[in-house]
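Have a look at the structure below before the remarks.
Each value in this text was obtained by applying a stated rule to the coordinates, not by laboratory testing. This one's a predicted model, so the numbers in the text were calculated from it and none came from an experiment. Because the Cβ atoms are built from the backbone with ideal geometry, glycine has one as well, and the counts that use them run over all protein chains shown.
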């Protein structure tokens, strides 16, 4: 019997858009047979939570041209707990420009402190309409595709780990 792989989708949000994006990414992840997800606010991260997962997605909105403090703190806490051997990436919402500067900052942080994890970069950026959103409709199918691709990376990496 094949063991289900698990992906944890952690988010920080201010107006609910990044939570909505986290849920949409989870839909994409679960399109892959053999992968389940849990979506949670990053404020509740503890040691027991992280050890159960082969993949972790970290998300947050962009505010003042950078990732929120909550999103960055979640990444730092997760790295302290341990991301070794996990597939990790980021996602975020933004209002102006072509992509989230917050995602760029979170990607940089992950590459620096999660040296023994497989970092999928760049992360996923979703545009919102105005400060309070909603997420631009075209971003939803893109989120599903990113989630599905992330799940494929989790399955590939963890199957390679088992074979060695």
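Please compute the modelled spin-label separation between residue 64 and residue 6, points set 7 Å along Cα→Cβ, answer in nm with one decimal.
Using points 7 Å along Cα→Cβ, the separation is 3.6 nm.
Compute the projected area of the convex hull of the Cα atoms of the stretch 5-159, averaged over all viewing directions, and report it in nm² to one decimal place.
Details: hull surface 30.5 nm².
Directional mean of the projected Cα hull area for the stretch 5-159 stands at 7.6 nm².
Expected output is a single nm value to one decimal: the length gained when fully extending between residue 33 and residue 121, i.e. 0.36 nm times separation in residues minus the C-alpha distance. What is it? Please report the intermediate quantities before stating the final value.
Numbers: separation 88, 0.36 × 88 = 31.68 nm, distance 2.34 nm.
Answer, rounded to one decimal: 29.3 nm.
How much length is gained on full extension from residue 15 to residue 132, taking 0.36 nm per residue of separation minus their Cα-Cα distance?
On the way: separation 117, 0.36 × 117 = 42.12 nm, distance 0.57 nm.
Gain in length upon complete extension: 41.6 nm.
Roughly what angle does helix 17-29 make with the longest principal axis of the chain, taking Cα atoms, 0 to 90 degrees, to the nearest 10?
Orientation of helix 17-29: about 30 degrees from the principal axis.
Length gain on complete extension for the stretch residue 159 to residue 95, per 0.36 nm per residue less the alpha carbon to alpha carbon distance? Working shown, then result.
On the way: separation 64, 0.36 × 64 = 23.04 nm, distance 3.79 nm.
Extra length from residue 159 to residue 95 when fully extended: 19.3 nm.
Please state the equivalent ellipsoid semi-axes for the stretch 75-164: what are the square roots of 5 times the Cα gyration tensor eigenvalues, largest first, in whole Å?
Gyration-tensor ellipsoid for the stretch 75-164: 27, 17, 9 Å.
Determine the percent antiparallel among the DSSP beta bridges restricted to the stretch 1-68, to the nearest 5. Before the final figure, lay out each step's value.
Details: 2 of 14 bridges.
Approximately 15 percent, going by the DSSP bridge assignments.
For the pair residue 23 and residue 81, what calculated FRET efficiency results from E = 1/(1 + (r/R0)^6), where r is the Cβ-Cβ distance and R0 = 25 Å, to the nearest 0.05? Numbers along the way, then the final one.
On the way: r = 24 Å, r/R0 = 0.94.
So, using R0 = 25 Å, E works out to roughly 0.60.
Under a point spin-label approximation (7 Å from Cα along Cα-to-Cβ), what is the residue 112-residue 49 distance to one decimal in nm?
Each label point is offset 7 Å from its Cα along the Cβ direction, giving 2.3 nm.
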